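Data first, discussion second: the structure below is written as structure tokens.
The values are calculated or read from the model by the stated rules, or taken from the named source; none is laboratory data. This one's a predicted model, so the numbers in the text were calculated from it and none came from an experiment. Here the Cβ positions follow ideal geometry from the backbone for every residue, glycine too, while neighbour counts run over all protein chains shown. Surface areas here come from the heavy atoms of the whole protein model, side chains and all, with no ligands, DNA or RNA. Shrake-Rupley method; radii C 1.70, N 1.55, O 1.52, S 1.80 Å.
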Amino acid sequence: MKKEFIIAMMCVFVTISVVSAVIATAPIGVDIAKEKVQEFVNDPSVNIQYQNTECQNIGDCYTFSTGNGQVYVNMYTGVVERASFNDAWKSSGEIRPDSAGAEMVAREYAEEKYSGFADMNMQLINSDLRNHGDAGSENSFIWRETIEGVLTPNTVVVNINPVSGRIISYIGIQREINCVLEPELSEEDALKIAEKQFPGIEVTEKTAELTIEYTKPGLQSLTWVITMKGKPKDYVLQGGLVVIDALTGEALMTSPYL
């Protein structure tokens, strides 16, 4: 499951850090965005306050405080793409071992908040229990859409308090796919390119996933996401993660384990 987690988090990071906003003629405005937040939290008692307008690589968004967390609304589509609920960390008692029950809660929340979730080929690519020490623990579930065996940027992340079952945070990214799905570069050749990124590595494990990533703002690219593990040197794990353009063979990103 560690391999799947590394791929999942890398893909979410790439998507969130460089995906551009949907092109539109004009923003929806703060007032309409506030209404979208109210609909999302579905609690009339929540005090929703506009904080600021953020222009990020993920796209322009309105940020709102909900008293117990934050909500990010896409400025052009009105879709809530991120939400966090700080008080959901609070709990007492032992962690529930029922991961199946936690997954069901997460899936129901995803189906409620993410338009079309049930009709899309959403694959659960990671599920695990994370312990953050004094901060608490969370059950994390990550789904990603698959088309013809290719992972798309359409991603849902739901994190749950394993004791109370409350939702801690949510991410929902949905974009229209507008790039090719057939690679020019074979998996074998991609693995060779990835290995060259770690000179002297003695490979013990290697995996490859064909994915669509936003490699530049507004630009979708078909990529090979490679995880490569090597024999430790001086007790230090070798290898890491490499993103390679599946059409040109260019190594777009290399992230060593350390």
Query - Thr254 vs. criteria in contact (Cβ under 8 Å) with a residue 40 or more places away in the chain and open to solvent by 20 Å² or more (accessible area, probe 1.4 Å) - result: yes
Query raised in the report: So which residues in segment 199-220 are modelled with pLDDT under 95, open to solvent by 10 Å² or more (accessible area, probe 1.4 Å) and outside any loop (DSSP other than H, G, I, E, B)?
Result: Tyr214, Thr215, Lys216, Leu219, Gln220
Query raised in the report: Out of all the residues in segment 239-251, which are open to solvent by less than 50 Å² (accessible area, probe 1.4 Å) and not charged (D, E, K, R)?
Result: Gly239, Gly240, Leu241, Val242, Val243, Ile244, Ala246, Gly249, Ala251
Query - Subset of segment 31-59 (residues that are touching a residue at least 12 places away in the same chain (Cβ under 8 Å) and under 20 Å from Ser115 (Cβ atoms)) - result: Ile32, Ala33, Lys34, Lys36, Val37, Phe40, Val41, Ile58, Gly59
Report summary line: Here the residues within segment 37-84 that are touching a helix residue (DSSP H, G or I) at 6+ places or on another chain (Cβ under 7 Å), part of a loop (DSSP other than H, G, I, E, B) and open to solvent by 30 Å² or more (accessible area, probe 1.4 Å) are Asn57, Asn68
Report summary line: Those residues of segment 197-245 which are touching a residue at least 40 places away in the same chain (Cβ under 8 Å), among the charged types (D, E, K, R) and farther than 19 Å from Glu145 by Cα amount to Glu205, Lys216, Asp245
Query - Selected residue [within 30 Å of Ala83 (Cβ to Cβ), out of contact with any Asp or Glu (no Cβ under 9 Å at 6 or more places or on another chain), open to solvent by less than 60 Å² (accessible area, probe 1.4 Å) and at pLDDT 95 or above] from Thr146, Thr227 - result: Thr146
Query raised in the report: Between a first residue in segment 122-142 that is crowded, with 21+ Cβ neighbours inside 10 Å and a second residue that is assigned to a strand (DSSP E or B) and aromatic (Phe, Trp, Tyr), which pairs have beta carbons less than 6 Å apart while being 6 or more apart in sequence or on different chains?
Result: Met122/Trp143
Requested in this report: Check whether at least one residue in segment 85-101 is open to solvent by 60 Å² or more (accessible area, probe 1.4 Å), in contact with a strand residue (DSSP E or B) (Cβ under 8 Å, 6 or more places away or on another chain) and modelled with pLDDT of 95 or more, and report yes or no.
Outcome: no
